[in-house]
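Remarks on the structure that follows.
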Amino acid sequence: MLRRMSQWLKGLLSGGFVAALVMLVVTGAWRGASQPAAAQFMRMGDGKPNLNGIWAASNTANWNIETHPAKQGPMTALGAAFSVPGGMGVVEGGEIPYKPEAVARRDANAQNWMANDPEVKCYLPGLPRATYMPYPFQIVQSTEPNDILIAYEFASASRIVHMSAHQESPVEAWMGWSNGRWESDTLVIDVTGFVDQTWFDRAGNYHSGALHVVERYTPLGPDVIQYEATIEDPNVFTRTWKMSMPLYRRAEKNARLMEYKCVEFAEELMYGHLNKPPKP
């Protein structure tokens, strides 16, 4: 009996059983009771991913969505306090496919950034820029009604994602018009109807009123969303292109959106000198 068991075990070993078992353990395909699966994101009552919460990007895309080096800021008196941090960029493929005639406009925007950037004037940031500005935003989701509200701290911007009653944009707007749908566990938002006055970043990357943005929010876990934005604008770009980045849940105690009345700061910058008394 012992001899036959020994021959059976030897056969398993020679047949590659151990190698296969090791491969299962290494790849994670086999888990013991002490090895729980990775934490999954929560779901709503209708089975859709629960995206409720306060989220923020952690990158330098608001300075420049393309890869860029660190450099001195626009006001030398502030030293390093307002310098430009370097970043790897979020544009897939590395470069925005501008039409040749659009490059000059982009460069002019960059040279006159402090005077022309809509952010400096506290205009609503538009999309997708509102997503990766250095301010959090909040997703408010329910099952009935199933429309989704997204509120942004910067300039108190907000938008409604229409999940059922889809329609064309009735008017042009700073934040566009958002129609949403679910593709499996990904929230897809089709955004049109933009004004032509928002930028993608402080580097002067811009678009026209023909901008069309398709956003994709895919939860990777309870505290991470993979964000993608496909950009189409035949007036400015030679083809569609995409940017992508992770978004992280703000998990600190009592996380909330704060009131940021940047319009008051912008008015002081643009008009404050008119109200100051003359020097004696």
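The values are calculated or read from the model by the stated rules, or taken from the named source; none is laboratory data. Model, not experiment: these values are computed from the prediction. Cβ placement follows ideal geometry from the backbone for every residue including glycine, while neighbour counts extend to all protein chains displayed.
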Can you work out which of the residues in region 111-168 that are hydroxyl-bearing (Ser, Thr, Tyr) and part of a loop (DSSP other than H, G, I, E, B) is nearest to Ser244 (Cα to Cα)? Tyr135
Please find, among Met175, Met258, Met243, the residue that is in a strand (DSSP E or B) and under 18 Å from Glu119 (Cβ atoms). Met243
Have a look at Gly11, Gly53 and point out the one that is modelled with pLDDT of 95 or more and more than 30 Å from Thr240 (Cα to Cα). Gly53
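Might you check whether a residue that is at pLDDT 75 or above, under 22 Å from the mean Cα position of the chain (by Cα) and exposed (fewer than 14 other Cβ atoms within 10 Å of the Cβ) occurs anywhere in region 229-242? Break it down into steps so the answer makes sense when it comes.
Step one: filter region 229-242 for residues at pLDDT 75 or above, giving 229-242.
Narrowing the set further to residues that are under 22 Å from the mean Cα position of the chain (by Cα) leaves 229-233, 236-237, 239-242.
Checking which are exposed (fewer than 14 other Cβ atoms within 10 Å of the Cβ) leaves us with 239-240.
Looking through region 229-242, at least one residue is at pLDDT 75 or above, under 22 Å from the mean Cα position of the chain (by Cα) and exposed (fewer than 14 other Cβ atoms within 10 Å of the Cβ).
Residue by residue, here is whether (1) farther than 21 Å from Arg129 by Cβ; (2) modelled with pLDDT under 95; (3) surrounded by fewer than 12 Cβ atoms within 10 Å (Cβ to Cβ); (4) in contact with a Phe, Trp or Tyr (Cβ under 9 Å, 6 or more places away or on another chain) holds:
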| position | (1), (2), (3), (4) |
| --- | --- |
| Ala37 | yes, yes, yes, no |
| Phe41 | yes, yes, no, no |
| Gly45 | yes, yes, yes, no |
| Ile65 | no, no, no, yes |
| Gly73 | no, yes, no, yes |
| Leu78 | yes, yes, yes, no |
| Phe82 | no, yes, no, no |
| Pro85 | no, yes, no, yes |
What's the number of the condition Val103 fails, among (1) within 26 Å of Ala203 (Cα to Cα); (2) part of a loop (DSSP other than H, G, I, E, B)? (2)
